[in-house]
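Participant: Before I ask anything, here is the structure I am working with.
Here, each number is a calculation from the coordinates, and none is a lab measurement. The structure displayed is predicted, hence computed values, not measured ones. A quick note on method: Cβ atoms are made from the backbone with ideal geometry, for glycine too, and the neighbour counts reach across all protein chains shown.
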Amino acid sequence: MTSVKIITDSSCDLPQDIVDDLDIGIVPLKIRFGSEEFVDRFELSTDSFWERCKVSQELPSTAAPSPGAFEEMYRQAANDGRSGVVTVVLSGSLSATIEAAESAARAVVDLIDVTVIDSRTVTLGLGSLVIQAAEASMQGQSVLEISTMISEAATRTQVHAALDTLENLRKNGRIGAAQSFLGSVLSIKPLIEVRNGVVEPAGKQRTRSKAMAHLINLVADNASNIERISIMHAACDDIDTFGSQVQSLVTSKVIIGEIGPVVGAHAGLGTIGVVFQTNN
C-alpha cells in the first residue's frame with residue numbers, strides 16, 4: 001500500500017462509516033468532567049457525552065492530544081508502507097492540537113514525509129476537508145498535491161450554526177446568569193460562524209424556527225456555488241426535517257454528522273448548523 005495516509009483529530013465529527021470507508025486515522029482529544037477524563041470516541045461516545053451533559057452541573061472541558069498519539073499513527077503509516085502522511089487538524093486558534101501534530105512530525109522526519117495542515121475550521125468544516133483529502137489519496141495524489149488542494153479548499157469552507165441554549169455560555173463565564181435567564185425567557189438563539197479560524201458571533205434570532213430559517217436562507221443564497229455540504233447537530237430531534245430542507249436546495253449529497261464532545265462542550269445541546277464549500 002503506497003497511498004498517502006490521511007489523519008485528523010476527533011473534532012472532525014465525521015460519521016464512523018465514512019471514517020472506515022475512507023481509511024481515515026483519527027487522533028482523539030480528551031474530555032474532562034471535573035476530575036474524570038475520557039478519550040473522545042474511544043472511552044466516551046457522543047451519546048454518552050450528551051447524556052452526561054444533561055445531568056452535569058459543570059461544563060465539560062477539552063484537552064489536546066499528546067504528540068505521542070500522533071507519532072504512533074505516523075509510525076504505523078510508515079510501517080504500512082505509506083508514501084506519506086497528510087494531517088489536517090482543527091484551527092490552531094482554537095486548540096493546541098496542531099502543535100502536538102507538528103511536534104510528532106518532527107520526531108519522524110527521517111522515517112516518513114508528514115505535512116500538517118491547519119484547517120482554520122472545526123467540526124464538519126474540518127470533516128469535509130478530510131473527506132476530500134482521503135478521496136484524493138485514493139486517487140493516487142501525492143502529499144504535496146493533497147496538501148496544496150486542502151489548504152486552498154479551506155479558504156472556501158464556511159461553518160454557520162445556531163445555538164439552542166445559553167447555558168454553556170453561562171457556565172463558561174461568557175455571559176452572566178441574569179442575561180442567560182433573560183435570553184432563555186425570550187427564546188433567544190445566538191448565531192455563530194467560524195471566520196478566519198475562530199468562532200465569531202453572527203447575530204441572533206428570537207426563536208429556534210427563525211434561527212433554522214436563517215441557516216436555510218444561507219444555503220439558498222449560496223446554492224448555485226456549493227460544491228460540498230454537510231449538516232452538524234447536537235442530538236437534535238428536528239434534524240430530519242432540517243436535513244430534508246437543506247437537501248432540497250442543493251444537488252450535492254448532504255452529509256449529516258452529530259456534534260461530538262470536543263465541539264459540543266462549547267456549543268451545547270441542540271446546536272444545529274450547516275457547513276458548505278463554495279466553488280469560488
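Participant: Give me the dipole magnitude in Debye, nearest 20, for the chain about the Cα centre, with unit charges on the beta carbon: positive for Lys and Arg, negative for Asp and Glu. Before the final figure, lay out each step's value.
Facilitator: On the way: 22 positive and 34 negative charges, 220 e Å.
Here the chain has a charge dipole of around 1060 debye.
Participant: If amide hydrogens are placed 1.01 Å from N in the peptide plane, which non-local residues have theirs closer than 5 Å to the one on Thr271?
Facilitator: Hits under the 5 Å cutoff: Asp164, Ala234.
Participant: Whole-Hz ³J(HN,Hα) for each residue in the stretch 154-164, computed from phi via Karplus 6.51 cos²θ - 1.76 cosθ + 1.60 with θ = phi - 60°, x for glycine and proline: what do you get?
Facilitator: Those phi angles translate into 4, 6, 10, 9, 10, 10, 10, 8, 10, 7, 9 Hz.
Participant: Let me ask you something else. Tally Lys and Arg at +1 and Asp and Glu at -1 over the other residues with C-beta under 10 Å from the C-beta of Ala64: what net charge comes out? Kindly include the intermediate steps, with their values, before the conclusion.
Facilitator: Working: positive: Lys30; negative: Asp9, Glu99.
Its environment carries a net charge of -1.
Participant: Same structure again: Whole-Hz ³J(HN,Hα) for each residue in the stretch 11-20, computed from phi via Karplus 6.51 cos²θ - 1.76 cosθ + 1.60 with θ = phi - 60°, x for glycine and proline: what do you get?
Facilitator: In residue order, the calculated couplings are 7, 5, 6, 7, x, 4, 5, 5, 4, 5 Hz.
Participant: Here's another thing I want to ask about it. Can you tell me, using C-alpha contacts under 8 Å and at least 6 residues apart, the relative contact order of the chain as a whole percent? Let's see the in-between values first.
Facilitator: Numbers: 570 pairs, mean separation 61.2, N = 280.
For the chain, the relative contact order is 22 percent.
Participant: Something else now. Looking at the chain, what % of its DSSP beta bridges pair antiparallel, to the nearest 5?
Facilitator: 65
Participant: Find the centroid of the Cα atoms in the stretch 91-168 and in the stretch 32-68, then give the distance between the two in whole Å.
Facilitator: Rounded to whole Å, the Cα centres lie 22 Å apart.
Participant: What distance in nm separates the simple spin-label points at Glu51 and Thr241, each placed 7 Å from Cα in the Cβ direction?
Facilitator: Result for the modelled spin labels: 2.7 nm.
Participant: Please work out whether the stretch 1-106 counts as rounded, prolate or oblate from its C-alpha gyration tensor, where a ≥ b ≥ c are the square roots of the eigenvalues and a/c under 1.5 means rounded, while otherwise a/b larger than b/c means prolate and anything else oblate? Please report the intermediate quantities before stating the final value.
Facilitator: On the way: a/c = 2.56, a/b = 1.75, b/c = 1.47.
Prolate, since a/c reaches 1.5 and a/b exceeds b/c.
Participant: Net charge near Val108: determine it from the other residues with C-beta under 15 Å of the C-beta of Val108, scoring Lys and Arg +1 and Asp and Glu -1.
Facilitator: Details: positive: Lys5, Arg75, Arg82, Arg106; negative: Glu71, Glu72, Asp80, Glu102, Asp110, Asp113.
Around Val108, the charge tally is -2.
Participant: Follow-up. Let me make sure I get this right: for the stretch 74-143, a, b and c are the square roots of the gyration tensor eigenvalues over alpha carbons, sorted descending. Under 1.5 in a/c it's rounded, otherwise prolate if a/b > b/c, else oblate. Which is it?
Facilitator: Taking the square roots of the gyration eigenvalues as a ≥ b ≥ c, the stretch 74-143 is oblate.
Participant: Tell me, what is the FRET efficiency for Leu111 and Ala63 to the nearest 0.05, using R0 = 25 angstrom and their Cβ-Cβ distance as r? Walk me through the numbers before you get to the answer.
Facilitator: Working: r = 27 Å, r/R0 = 1.07.
Calculated transfer efficiency: 0.40.
Participant: I need the phi-derived Karplus couplings for the stretch 265-270: 6.51 cos²θ - 1.76 cosθ + 1.60, θ = phi - 60°, integer Hz, Gly and Pro marked x.
Facilitator: Working through the residues one at a time gives 4, 9, 8, x, 4, x Hz.
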